[in-house]
Amino acid sequence: MRKVKFLKLLAALLSFLLLTGCVRPPEPTDPPSAEATPLLTVHYLDVGQADCALLESDGAYILIDGGNVGDSSLVVSYLRSQGVLELSAVFCSHAHEDHVGGLPGVLAVFPTEAVYAPTATHASDCFDDFVYYTDQQGLSITIPQPGDRYTFGDATVEVLGPVKSYPDPNDTSLVLMVTCGQRRFLFTGDMETGAENDLLDSGASVKADVLKVGHHGSETSTGYRFLYEVSPEHAVISVGADNTYGHPDEVPLSRLRDAGVTVYRTDLQGTVIASTDGKDLTFSWETGEALPEVETTPTVFIGNIKSKVFHRTGCGNLPKESNQVYFLTRFLAELAGYTPCTQCLS
């Protein structure tokens with residue numbers, strides 16, 4: 001009997017304490033966490049022999065380049081398919097048509113908060129249209145400087161270059177580093193090797209997980225030194241199938257293979273999409289074309305200390321053993337300043 005009275009008294013006391021807030025009921029446990037939502041998605045659009053990338057983070061969108069004039073409707077349709085209603089920013093890497101040509105059509109359709117380019121003038125009809133439709137939005141072209149930063153959603157864009165003035169529009173390309181959490185995406189437009197080295201000499205931090213390969217895979221871009229400093233895990237080449245330029249060239253492709261980089265090509269995979277939650281990174285692509293396997297077993301190359309030429313192991317022009325130096329990859333041999341043998345590595 002006493003036990004029953006005691007229990008009733010204890011229950012009444014607990015009820016009083018709960019009502020007065022002196023004791024809190026146990027907090028409900030959190031439900032199982034859902035699969036992580038991407039914080040940044042980068043769409044490398046298949047616009048043939050041209051460049052165009054749509055970036056989305058937390059409902060905010062930016063566009064880097066717009067393809068050729070003839071790609072305008074394709075780009076507008078793709079943006080609409082992704083639910084784009086307005087753009088936080090449009091970046092034109094440089095004034096050549098295969099980068100700026102489709103942007104007037106985009107600016108004619110989508111309200112845009114800001115427009116960036118390395119120049120506000122260029123003698124071409126498509127660039128004049130770009131300026132015109134920027135003006136129609138009540139905007140003017142902003143020429144960003146190295147060190148400038150912009151935020152969209154959960155991501156940031158930092159301008160790394162160009163760090164000098166150049167006569168060739170390719171080298172004036174805006175160099176943009178897009179960061180989301182621990183992941184970094186580098187865009188270099190059509191910047192060529194000389195400007196790449198100037199950028200490195202400026203002390204810019206170019207280390208990135210994903211590299212948009214410069215100048216559609218031309219041999220004049222993606223130099224060994226630059227690739228070594230970027231050290232990407234993945235690279236995307238925006239290039240047209242059977243183009244008359246022969247892009248991508250075998251020289252940068254071999255550099256990328258030597259560096260163990262997984263390469264995606266819009267002429268083979270179509271539109272390539274990279275997504276990250278700031279930590280993990282995933283890729284998908286439009287076509288069923290399989291990716292080439294990355295070489296995992298490096299080939300040994302033998303350099304001649306005196307001539308600074310390197311050879312394959314079976315070459316008939318190998319130096320004597322006392323003048324030999326070994327490199328695990330062609331990448332490392334050229335990075336060390338050695339040139340390939342014209343007979344075994346032509």
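Since every read-out is calculated from the coordinates, none of them should be taken as a lab result. Owing to the predicted nature of the structure, the values given are computational and were not obtained by experimental measurement. All Cβ positions, glycine included, derive from the backbone under ideal geometry; neighbour counts span all protein chains shown.
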Hydrophobic long helices for the chain, i.e. whole DSSP H runs reaching 24 angstrom or more by Cα along the axis with Kyte-Doolittle mean at least 1.0, come out as 2-20
With a cut-off of 8 Å between alpha carbons and a minimum separation of six or more residues, what is the relative contact order of region 80-129 in percent?
45 percent
Please compute one quarter of the surface area of the Cα convex hull for region 221-277 and express it in square nanometres.
4.4 nm²
Pick from 319, 252, 169: which is most flexible by mean-square fluctuation in a GNM of the chain where alpha carbon atoms under 10 Å apart are linked?
319
Report the extension gain between residue 308 and residue 201 in nm, rounded to one decimal, defined as 0.36 nm multiplied by the number of residues separating them, less their alpha carbon distance.
36.1 nm
Shape call, the chain: gyration tensor on alpha carbons, a/c limit 1.5
oblate
Show me 74-84, 258-268 ranked by packing, highest mean number of other Cβ atoms within 10 Å first.
258-268, 74-84
Full-stretch length increase - residue 85, residue 317 - with 0.36 nm per residue and alpha-carbon distance subtracted
77.2 nm
Kindly identify region 97-166 as rounded, prolate or oblate by the Cα gyration tensor criterion: order the square roots of the eigenvalues as a ≥ b ≥ c, call it rounded if a/c is under 1.5, otherwise compare a/b with b/c, prolate if a/b is larger, else oblate.
oblate
For a test of the definition: using alpha carbon positions, the gyration tensor, and the 1.5 limit on a/c, classify region 25-176 as rounded, prolate or oblate.
prolate
Assigning unit charges at the beta carbon (Lys, Arg +1; Asp, Glu -1) and nothing else, what dipole magnitude in debye, to the nearest 20, does region 198-332 show about its Cα centre?
700 debye
Scaled to the compact-protein estimate 2.2 N^0.38 Å, what is the alpha-carbon radius of gyration of region 301-340, rounded to two decimal places?
0.98
For n ≥ 4 DSSP H runs only, could you compute -39500 (n - 2.57) per run for the chain, divide by its residues and tell me the 222 nm figure to the nearest 500?
-7000 deg cm²/dmol
